[in-house]
1. When the residues of the stretch 105-118 are filtered to those that are surrounded by 14 or more Cβ atoms within 10 Å (Cβ to Cβ) and farther than 17 Å from Thr41 by Cα, which remaining residue is modelled with the highest pLDDT?
2. Could you tell me how many of the residues in the stretch 119-146 are open to solvent by less than 40 Å² (accessible area, probe 1.4 Å) and either over 21 Å from Val73 (Cα atoms) or among the acidic types (Asp, Glu) (or both)?
3. Under the condition of being of a type in the set (Ser, Thr, Tyr) and free of Cβ contacts under 8 Å to residues at least 12 places away in the same chain, which residue from the stretch 54-97 is surrounded by the most Cβ atoms within 10 Å (Cβ to Cβ)?
4. Looking at this structure, is Lys100 modelled with pLDDT under 95, within 22 Å of Thr121 (Cα to Cα) and open to solvent by 80 Å² or more (accessible area, probe 1.4 Å)?
5. Name every residue in the stretch 124-146 that is in a loop (DSSP other than H, G, I, E, B) and among the polar types (S, T, N, Q), in order of residue number.
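The values are calculated or read from the model by the stated rules, or taken from the named source; none is laboratory data. Computed from a predicted structure; not experimentally measured. Glycine gets a Cβ as well: all are built from the backbone with ideal geometry, and neighbour counts include every protein chain shown. When the accessible area is computed, the model is the full protein with side chains, heavy atoms only, and any ligands, DNA or RNA have been set aside. Shrake-Rupley method; radii C 1.70, N 1.55, O 1.52, S 1.80 Å.
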Amino acid sequence: MARTRLLRLLRLAPLTLALALPLSASAHESQAAASFIFGRTGGNIAPFSVTIARNGHLSARGPVQLAKPDAVVSPAALAGLLKLAKAEKFFSLPKTVRCKQTPPDFAASFVTVSQASGTKTVTVHGDCQPGFSQLYAVVSAVAGVA
């Protein structure tokens, strides 16, 4: 009798685990919700900005094209972007970085990350911050900037 019950429990274990994991991942993703704004400012070229809202909806301002304007970024992708921002030490970067050898008429790139604990914007004039450049490239790709 005990052996039969144990076998039933062992058969149900994978199903229980399969059902529990997506629920815990969804709960974690909703806690990690963040919004992102990125774009270009200054210099002698028109500025633009793209917003990925907390709900994943995209919006753009200025001369920028979204590959799929009606697309929605998934909660998993938003959580991944936030994880990348932390891995690239985005929140430790100074607000403004001016890279040497960058002409003053070049536009600067910026990324803003908003989460429950606050908002941080970093603007980089040039290409001397590899972590920032990586985050900018990935956020841009996720948003589908053409």
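1. Taking the stretch 105-118 first, the residues surrounded by 14 or more Cβ atoms within 10 Å (Cβ to Cβ) are 106-115.
Pick out the ones that are also farther than 17 Å from Thr41 by Cα and you get 114-115.
Details: Ser114: 96, Gln115: 93.
Looking at the filtered set, the residue picked out is Ser114.
2. 6
3. Of the residues in the stretch 54-97, the ones of a type in the set (Ser, Thr, Tyr) are 59, 74, 92, 96.
Those left that are additionally free of Cβ contacts under 8 Å to residues at least 12 places away in the same chain: 59, 92.
Working: Ser59: 13, Ser92: 10.
Looking at residues that are of a type in the set (Ser, Thr, Tyr) and free of Cβ contacts under 8 Å to residues at least 12 places away in the same chain, I get Ser59.
4. On the way: modelled with pLDDT under 95: yes; within 22 Å of Thr121 (Cα to Cα): yes; open to solvent by 80 Å² or more (accessible area, probe 1.4 Å): yes.
It is true that Lys100 is modelled with pLDDT under 95, within 22 Å of Thr121 (Cα to Cα) and open to solvent by 80 Å² or more (accessible area, probe 1.4 Å).
5. Within the stretch 124-146, Gln129 is the sole residue that qualifies.
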